[in-house]
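Heads up, the thing below is written out as structure tokens.
The values are calculated or read from the model by the stated rules, or taken from the named source; none is laboratory data. As the structure is a computational prediction, the values presented were derived from the model and not from experiment. Positions of Cβ are generated from backbone atoms using ideal geometry, with glycine treated the same way; all protein chains shown enter the neighbour counts.
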Amino acid sequence: MTMKSLQLLEYGELNECLAFNEIDKPIVRSQNVLIEVKAAAINPIDKSIIAGNLRALLPIPLPATLGYDVSGVVVEKGADAAGFEIGDLVYARVPQEQMGTLAEFVAVAAEAVSKKPANISFEEAAGLPLVGLTALQSLNHVGIKEHDKILIHAGSGGVGSFAIQYAKSKGAYVYTTTSAANVAWVKELGADRVIDYTHEDYKAIVSDVDCVFDTLGKHFTLDAFDVIKAGGKIVSVAGPLDERSAQMFGMSDYRLPVDFVTRCAEKKATYAFIFMHPNGAHLNEITELVEGGSIRPIVDHVYPFSKAIDAFVHLASGRAKGKIIVQM
């Protein structure tokens with residue numbers, strides 16, 4: 001039996017390397033559930049995959065069906081797929097080897113799946129897994145807690161907007177940066193001090209914070225040492241790898257850049273790079289927060305599957321406020 005999918009044929013430009021294809025329906029292994037896809041989200045990592053920027057770290061055989069975030073209905077389950085029944089409404093960030101949510105069906109390891117929050121739509125749920133897990137795992141790594149002061153860069157982005165809400169659910173005081181156009185909207189997410197980077201220097205405003213969540217990379221990662229307190233923590237999803245994450249990619253000889261080692265010593269600080277991993281138990285926590293009203297999903301635009309390539313063009317524009325969703 002075949003199904004429709006959106007595939008990457010070769011690395012390159014969006015309008016030249018993507019195509020809709022009929023492919024075989026996934027085979028359901030013993031620990032998998034088969035999800036009939038209702039909605040999928042696209043993310044900046046998808047854009048990088050298409051351009052070929054990640055081929056060394058994330059090699060994939062081409063052609064390949066795109067997409068990691070999914071929400072839908074369980075229609076089949078393997079013999080050892082515990083915790084789910086046929087008909088369950090679920091969502092997930094699929095493991096790397098199961099990439100392919102821009103299709104009619106996707107087979108996913110049950111341990112990466114969670115029941116969908118009951119109070120939101122499939123489209124809203126599809127936008128949560130990657131950004132939610134990235135923010136949750138990053139902020140849990142630094143042990144975010146009540147009364148902590150944290151700087152979260154790029155508060156209007158997918159990860160940033162979730163991280164603001166998650167940090168506030170823990171009782172933290174949140175600084176965040178965004179452009180003038182998004183200041184009011186980001187304040188509505190709960191940030192205590194929103195810094196318009198087009199008119200304000202965040203380093204003149206933020207000081208002695210307990211932690212910085214860096215989603216921008218480049219000079220912002222190293223500059224985080226200027227605003228953390230002695231003994232503070234920096235966690236990044238865009239800066240250089242730390243030695244632990246480098247080992248995950250088989251880079252046994254990797255060492256943290258010297259300037260980072262120096263700054264860590266000066267501030268008695270810690271630096272960590274977080275590479276998000278799929279985790280159904282963490283999604284369960286996100287489900288509780290959404291159903292309890294602490295987290296609300298942010299959707300920028302919903303495209304029908306037939307216009308999925310247009311969704312990638314929108315993503316490449318960099319102007320999305322919230323998640324870009326493809327509806328099956």
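In the set (1) at pLDDT 95 or above; (2) among the β-branched types (Val, Ile, Thr); (3) surrounded by fewer than 20 Cβ atoms within 10 Å (Cβ to Cβ), the condition left unmet by Thr198 is number (1). Taken over region 268-288, the criterion of being more than 17 Å from Phe213 (Cβ to Cβ) and of a type in the set (A, V, I, L, M) is satisfied by Ala281, Leu283.
All of Leu133, Leu139 fail the test of being under 19 Å from Gly322 (Cβ atoms), of a type in the set (A, V, I, L, M, F, W, C) and surrounded by 24 or more Cβ atoms within 10 Å (Cβ to Cβ), apart from Leu133.
Has region 302-316 got at least one residue that is modelled with pLDDT of 95 or more, buried (at least 19 other Cβ atoms within 10 Å of the Cβ), farther than 24 Å from Gln7 by Cβ and over 17 Å from the mean Cα position of the chain (by Cα)? Within region 302-316, not a single residue is modelled with pLDDT of 95 or more, buried (at least 19 other Cβ atoms within 10 Å of the Cβ), farther than 24 Å from Gln7 by Cβ and over 17 Å from the mean Cα position of the chain (by Cα). Out of the residues in region 73-84 that are more than 24 Å from the chain's Cα centre (by Cα) and over 14 Å from Glu111 (Cα atoms), state the one that is surrounded by the most Cβ atoms within 10 Å (Cβ to Cβ). The extreme case among them is Glu76. Annotation: of all residues in region 122-170 being touching a residue at least 12 places away in the same chain (Cβ under 8 Å) and of a type in the set (S, T, N, Q), the one that is farthest from Asn182 (Cα to Cα) is Gln137.
Could you pull out the residue among Thr262, Thr287, Thr270 that is among the polar types (S, T, N, Q) and crowded, with 20+ Cβ neighbours inside 10 Å?
Details: Thr262 fails: crowded, with 20+ Cβ neighbours inside 10 Å; Thr270 fails: crowded, with 20+ Cβ neighbours inside 10 Å.
Just a single option satisfies the conditions, and that option is Thr287.
Suppose we filter region 262-280 for residues that are among the hydrophobic types (A, V, I, L, M, F, W, C) and under 16 Å from the mean Cα position of the chain (by Cα); how many remain? Can you show your working first?
Within region 262-280, the subset among the hydrophobic types (A, V, I, L, M, F, W, C) is 264-265, 269, 272-276.
Filter once more, so that each one left must be under 16 Å from the mean Cα position of the chain (by Cα): 273-276.
The qualifying residues number 4.
Considering only strands (runs of 3 or more DSSP E) fully contained in region 42-158, which possess at least 2 residues that are modelled with pLDDT of 95 or more and within 23 Å of Ser306 (Cβ to Cβ)? Before the answer, list the steps.
Working: elements: 69-77, 89-93, 105-109, 113-115, 149-152.
The qualifying strands (runs of 3 or more DSSP E) are 69-77, 105-109.
Taking the numbered list (1) within 13 Å of His153 (Cβ to Cβ); (2) crowded, with 20+ Cβ neighbours inside 10 Å in turn, Ala238 passes all entries but (2).
Looking at Ala110, Ala92, Ala79, Ala51 in this structure, which one is touching a residue at least 24 places away in the same chain (Cβ under 8 Å), in the same structural domain as Gln31 (by TED's automatic domain parsing) and within 19 Å of Leu315 (Cα to Cα)? Show your work before the answer.
Details: Ala110 fails: within 19 Å of Leu315 (Cα to Cα); Ala92 fails: within 19 Å of Leu315 (Cα to Cα); Ala79 fails: within 19 Å of Leu315 (Cα to Cα).
Step by step, each of Ala110, Ala92, Ala79, Ala51 is checked, and only Ala51 is touching a residue at least 24 places away in the same chain (Cβ under 8 Å), in the same structural domain as Gln31 (by TED's automatic domain parsing) and within 19 Å of Leu315 (Cα to Cα).
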